[in-house]
Amino acid sequence: MTGTMLMLTAIFAGLVSAQESTPPFTAAEREAAYTQSIEKRATDILQLLALNDPAKSAKVHAVIVAQYRALRARDEAIDTMLKSLGKEAPGSETNRAAILPVLSRALHDQFIAKLSTDLNAEQVERVKDKMTYNKVKVTYDAYCEILSNLSENEKARILAALKDAREEAMDGGSAAEKSAIFQKYKNQINANLSANGRDVAKATREWEARQPKDDSAPVVTRSPK
């Protein structure tokens, strides 16, 4: 065995040994990491709102943190139920998709109602946008740029559909789930545009051909970054 091979073998063995000797995170450590994560999300939203009243700011912060915890508890309840039924059973994902909105509706309505006691309509909109990574604006701007001759009526319908997507995506338990929800609505938008004679796929290809290579460029036929 060459010296290089011996060195690589030693390094690999060391990594395996270190991995095996590292204990898994405890439940308390996982909870602390989760708490830190949602506290940061809430703080970021509060910074965007720039509330001048400390008491109101603290109350809104608590409402946002509580919502993230409620969504996690909902997901854990669904996972537990599906596991008890047999997660590998046919239709488990379909069952989850059916259960999710039922369990989310009350949480969603209560959350908006609580926010609305301390925030005006524009501020509530900002919270919704921040919780969904500003996907409404990013995606709407992409449609307007790629299909530059959209009518005002078409723009209004696109924006309304994306705001419906936002309402549902707010209840998503992960970034991937939120993106999937937006994609579902984008598919509907694209179908409606196609029915009205718009070739969204062709317009997207032509737009992409005009752009410098940039992985962050908006593409309406795929989920935005």
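The values are calculated or read from the model by the stated rules, or taken from the named source; none is laboratory data. The structure presented is a predicted model; accordingly, all values stated were derived computationally and were not measured. FYI the Cβ positions are ideal-geometry reconstructions off the backbone, even for glycines, and counts take in every protein chain you see.
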Is it fair to say Ala106 is closer than 22 Å to Val63 by Cα and small (Gly, Ala, Ser)? yes
- Could we say that Leu150 is in the same structural domain as Tyr185 (by TED's automatic domain parsing), surrounded by 13 or more Cβ atoms within 10 Å (Cβ to Cβ) and not hydroxyl-bearing (Ser, Thr, Tyr) here? yes
Pairs returned, first residue in the range 56-69 that is over 18 Å from Glu31 (Cα atoms), second residue that is part of a helix (DSSP H, G or I) and among the charged types (D, E, K, R), beta-carbon separation under 8 angstrom, 6 or more apart or interchain, are Val63/Lys114
Reported set for the range 164-176 where residues are crowded, with 16+ Cβ neighbours inside 10 Å and either over 16 Å from the mean Cα position of the chain (by Cα) or assigned to a helix (DSSP H, G or I) (or both) is Ala165, Arg166, Glu168, Ala169
Filtering the range 173-192 down to residues that are closer than 19 Å to Lys128 by Cβ and in contact (Cβ under 8 Å) with a residue 12 or more places away in the chain yields Gly173, Ala175, Lys178, Ser179, Ala180, Ile181, Phe182, Gln183, Lys184, Tyr185, Lys186, Ile189
Expected single match for in a helix (DSSP H, G or I) and modelled with pLDDT of 90 or more among Ala28, Ala58, Ala13 is Ala58
Within the range 124-141, can one find any residue that is of a type in the set (Ser, Thr, Tyr), assigned by TED's automatic domain parsing to the domain that holds Asp164, over 27 Å from Thr35 (Cβ atoms) and surrounded by 12 or more Cβ atoms within 10 Å (Cβ to Cβ)? yes
